[in-house]
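Just below is one structure, and these are the notes that go with it.
The values are calculated or read from the model by the stated rules, or taken from the named source; none is laboratory data. The structure displayed is predicted, hence computed values, not measured ones. Cβ sites come from the backbone with ideal geometry, for glycine too, and all protein chains shown count toward neighbours.
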Amino acid sequence: MLNQVVLVGRIVKTPELKITETGKKTSKMTLAVPRNYKNMNGEYDTDFLDCTLWTNVAENTSEYCQTGDMVGVKGRLQTRIIQNEDGTKKKRTEIIAERVTFLAQSSSNKEEKQKNKKDSTKNKITKEEK
């Protein structure tokens, strides 16, 4: 039997690293994955898929990835039953990411990093001149 998912999409919100009560590192991210066919209106629909990351995968992704970056995710589907405050139960299906590959930065992230790099170069020059 096989439970494997491979996705390529863009990060909707920058993942934040959290630490559980037991000390494990975790992070959640939503991946926007466009469908490869057009709907009846001639537009491409997009699926927004929730991914859970653990340990080093969570740490590296939260450190190096931001909103808009394109990533590849290899993982598995997991379904849990969640009980709401009112006592009703519902199913929640998510992707447990076992591997995240950084594919491309969004253009705004590239510009920001280039600007920060230029600023740090200017600071180095001024420090050396003093």
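With respect to the conditions (1) modelled with pLDDT under 95; (2) in contact with a helix residue (DSSP H, G or I) (Cβ under 6 Å, 6 or more places away or on another chain), Ser27 lacks only one, and its number is (1). Taking first residues from region 30-42 that are hydroxyl-bearing (Ser, Thr, Tyr) and partners that are part of a strand (DSSP E or B) and surrounded by 10 or more Cβ atoms within 10 Å (Cβ to Cβ), the Cβ contacts under 7 Å between residues at least 6 apart in sequence or on separate chains come to Thr30/Phe48; Thr30/Leu49; Thr30/Asp50. Take Tyr37 and decide whether it is surrounded by 11 or more Cβ atoms within 10 Å (Cβ to Cβ), of a type in the set (Phe, Trp, Tyr) and out of contact with any helix residue (DSSP H, G or I) (no Cβ under 7 Å at 6 or more places or on another chain). Here the answer is no, as Tyr37 does not meet what is asked.
The one condition from (1) in a strand (DSSP E or B); (2) of a type in the set (Asp, Glu); (3) without any contact (Cβ under 8 Å) to a residue 40 or more places away in the chain that Asp50 does not meet is (3).
Taking region 22-46 as the range and being in a strand (DSSP E or B) and more than 21 Å from Thr93 (Cα to Cα) as the test, the residues that pass are Asn36, Tyr37, Lys38, Tyr44. Among the residues of region 79-107, which ones are of a type outside the set (S, T, N, Q) and either in contact with a Ser or Thr (Cβ under 6 Å, 6 or more places away or on another chain) or under 19 Å from Asn3 (Cβ atoms) (or both)? Answer for region 79-107, where residues must be of a type outside the set (S, T, N, Q) and either in contact with a Ser or Thr (Cβ under 6 Å, 6 or more places away or on another chain) or under 19 Å from Asn3 (Cβ atoms) (or both): Arg80, Ile81, Lys91, Arg92, Glu94, Ile95, Ile96, Ala97, Glu98, Arg99, Val100.
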